[in-house]
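Below: the structure, in structure tokens.
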Amino acid sequence: MSQEQNQNFLEFDGLDQLFDEGQEPFSAPQESMAPLAAKPRDLSFFRHIPVKVTLEVASAEISLGDLMQAESGSVIELDKMAGEALDVRVNGRLLARGEVVVVNGKYGLRLVEVLDAGMLSNLEH
């Protein structure tokens, strides 16, 4: 791999944590990273990449048999209390807790607690 290709590849090294929580980030040999470590990385172009934000109300674990018996009007008890903050996930990774609001007749999201500020700060360089 040429030095220029290696440099372009290394610019993305810590970003895989934004998308794949369980994988180890790429680590190159120390001698090849030394000249790049002093350069600040401009990651502002990542600000325009769309991500999927999901508001998770609650969940329940039930047997398949109980689920098959559900019909219109059935109630399934969930694992969160009414009024408890909801989980906000970005590409499946827990980012914050929030609450539902109504904005101009549409549902909206108010963040009440950011849990993974590091995920967002990686894009501020």
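For the reader, a short list of remarks on this structure follows.
- Selection over the stretch 92-105 of residues that are under 18 Å from Ser59 (Cβ atoms) and surrounded by fewer than 18 Cβ atoms within 10 Å (Cβ to Cβ) gives a count of 6.
- Any hit, the stretch 110-117, residues being modelled with pLDDT under 90, surrounded by fewer than 11 Cβ atoms within 10 Å (Cβ to Cβ) and closer than 23 Å to Phe46 by Cα: yes
- Selection from the stretch 68-87 of residues that are more than 11 Å from Ala58 (Cα to Cα) and not in a loop (DSSP other than H, G, I, E, B): Met68, Gln69
The values are calculated or read from the model by the stated rules, or taken from the named source; none is laboratory data. A quick note: this is a predicted structure, and the numbers were derived from the prediction, not measured. Methodologically, a virtual Cβ is constructed for each residue, glycine included, from the backbone with ideal geometry; neighbour enumeration extends over all protein chains shown.
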